[in-house]
Amino acid sequence: METVILILTLLFIAFTALGVYAGVKAVRAAKRGVDRTITQARRSVEDTALRAKSYSQPGVPGELAQLRLALRTSMRATQDALNAGVAEDASLSESLALFERLSAHGRELDDDLKRLEREPDRSTVAGLMPGLKERTQRITHSAESLRWAARDRARQFADDDLAALNAQIDVEAGALRHWTTEEAPERGTTAGPGRSGSAEAGRSTPAEAGPQPLAPADPKLTTGYPWQKSSKPETTN
């Protein structure tokens, strides 16, 4: 009896621990989902605000908003492309590591641009604009190089796979039409050039040769059949 109680106690503890573990995992997953949703919503709001500033505010504030918007758009597109491709192509992991290093420079530049948006001295900010534009172009150019290289690699793999698939389909189609390859040798043997043609040309059908005169029937050969009459006169007794 004590053994049964001990086993039941152990099972209860095990199920309780498993339930607590599953609950913690579910809470963490839900928290990550909520955080991801909040981050995406915040990014959408910031992008919308930057797009509105780039069109509505002239001068330095509008240029800063355009730089931030171009930087964020390029970096996000490259990140999405690499994350989508690394699941199918493990060689993109190195490219993803390089992009993480590039993202550090991109975040630093975005923070600098964000601080300069609140800078009251517009003349000083205007003097910094050429350097800021150059940094933005260098970062976005590197991000675009990684993104398009990953896309070209994926497209090349797709083209190679399609070419191999077309070759396999052609072979299978030829195997399914096996009777065409069997009929070709038979036609070559029955209707060969020269010999068979001359032999058939030398032959003539009865219709082509015309009517032939009938030979006189031999009485010995024509008699004796029940459907023919005898040519000898019948003798009467």
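The values are calculated or read from the model by the stated rules, or taken from the named source; none is laboratory data. What you see is a predicted model; the values in this text were computed from it and never measured. Heads up, the Cβs are rebuilt from the backbone with ideal geometry, glycines too, and the neighbour counts pull from every protein chain shown. We work out accessible area using only protein heavy atoms, side chains counted, and drop any ligands, DNA or RNA first. Shrake-Rupley method; radii C 1.70, N 1.55, O 1.52, S 1.80 Å.
Of all residues in the stretch 40-59, those satisfying the criterion of being over 38 Å from the mean Cα position of the chain (by Cα) and open to solvent by less than 50 Å² (accessible area, probe 1.4 Å) are Ser54, Gly59. Phe157 meets each of the listed conditions (1) open to solvent by less than 20 Å² (accessible area, probe 1.4 Å); (2) of a type in the set (Phe, Trp, Tyr); (3) over 24 Å from Asp47 (Cβ atoms) apart from (1). Of everything in the stretch 91-127 that's of a type in the set (Ser, Thr, Tyr) and under 33 Å from the mean Cα position of the chain (by Cα), which residue is surrounded by the most Cβ atoms within 10 Å (Cβ to Cβ)? Taking the candidates together, the pick is Ser95. If you filter the stretch 65-90 down to residues that are part of a loop (DSSP other than H, G, I, E, B) and charged (D, E, K, R), you find that the one that is surrounded by the most Cβ atoms within 10 Å (Cβ to Cβ) is Asp89. Taking the stretch 68-111 as the range and being without any contact (Cβ under 8 Å) to a residue 12 or more places away in the chain and of a type in the set (Lys, Arg) as the test, the residues that pass are Arg101, Arg107. Filtering Thr73, Thr9, Thr39, Thr16 for residues that are at pLDDT 75 or above and under 30 Å from Asp111 (Cα atoms) leaves a single hit, Thr73.
Taking first residues from the stretch 117-145 that are assigned to a helix (DSSP H, G or I) and partners that are open to solvent by 90 Å² or more (accessible area, probe 1.4 Å) and not hydrophobic (A, V, I, L, M, F, W, C), the Cβ contacts under 7 Å between residues at least 6 apart in sequence or on separate chains come to Ile139/His105.
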